[in-house]
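**Student:** There's a structure below that I have some questions on.
The values are calculated or read from the model by the stated rules, or taken from the named source; none is laboratory data. Fair warning: this is a prediction, and the values are worked out from it, not measured in the lab. These accessible areas exclude ligands, DNA and RNA; they are computed on the full protein's heavy atoms, side chains included. Shrake-Rupley method; radii C 1.70, N 1.55, O 1.52, S 1.80 Å.
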Amino acid sequence: MKNRIEIDGTNDAVWNSDGARATWNIATLLTIKKDLKIGDSSLITLPTDNVDNIVNNVLGCLKFYIINFEENFTYTVNFNIIELTRIANNEYYKIDI
C-alpha cells in the first residue's frame with residue numbers, strides 16, 4: 001500500500017537562517033530514512049518566494065547526503081512541491097542519522 005508523507009517546509013524563517021535550514025534538512029533526511037518505505041511518496045512543500053533556489057537547495061541536499069540517491073528514489077517537481085518516491089532501499093547516508 002502506498003503511503004504519502006507530507007513535509008511542510010513553507011516557513012520562510014527556515015530559509016533565512018543557516019542553522020534553521022540545517023535542522024530542517026536533517027529532520028527531512030530522518031523522515032525519509034525512517035518513514036519512507038518502498039512505494040511510498042513524500043510531498044515536500046516549500047515556500048513560493050525564491051522557489052527555484054529553495055527547490056535546488058533541497059534537492060542538492062538530498063543528493064549530497066544520500067549516497068545512491070538516484071537508484072533509490074524518483075522525484076518530480078511541480079513549482080514549490082517536490083514529490084519524492086522510494087523505489088529501492090539500498091541507500092547510505094553521509095551523516096549518521
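**Student:** I'd like to check one number: the per residue accessible area of the chain, probe 1.4 Å, reported in Å² as a whole number.
**Tutor:** Counting only protein heavy atoms, the per-residue value for the chain is 58 Å².
**Student:** Another question, then. Please report the carbon-and-sulfur percent of the accessible area for the chain; probe 1.4 Å, protein heavy atoms only, DNA, RNA and ligands left out.
**Tutor:** The value for the chain is 49 percent carbon and sulfur by accessible area.
**Student:** Within straight cross-link reach of Lys63, meaning Cα distance under 15 Å, which aspartates and glutamates are found once same-chain residues fewer than 8 apart are removed?
**Tutor:** Once the sequence-local aspartates and glutamates are set aside, what remains near Lys63 is Glu71, Glu83, Glu91.
**Student:** Tell me the accessible surface of Asp12 in square angstrom (1.4 angstrom probe, heavy atoms of protein chains only), to the nearest ten.
**Tutor:** 70
**Student:** Take every DSSP beta bridge whose two residues both sit in the chain, then give the antiparallel share in percent to the nearest 5.
**Tutor:** Beta bridges within the chain, antiparallel portion: roughly 70 percent.
**Student:** Once the whole set of protein chains is in place, how much accessible area is left on Tyr75, using a 1.4 Å probe, in Å² to the nearest 10?
**Tutor:** The accessible area of Tyr75 comes to roughly 80 Å².
**Student:** Using percent of Cα pairs over 23 Å apart as the read-out, say which of (i) 18; (ii) 22; (iii) 15 was calculated from these coordinates.
**Tutor:** (i)
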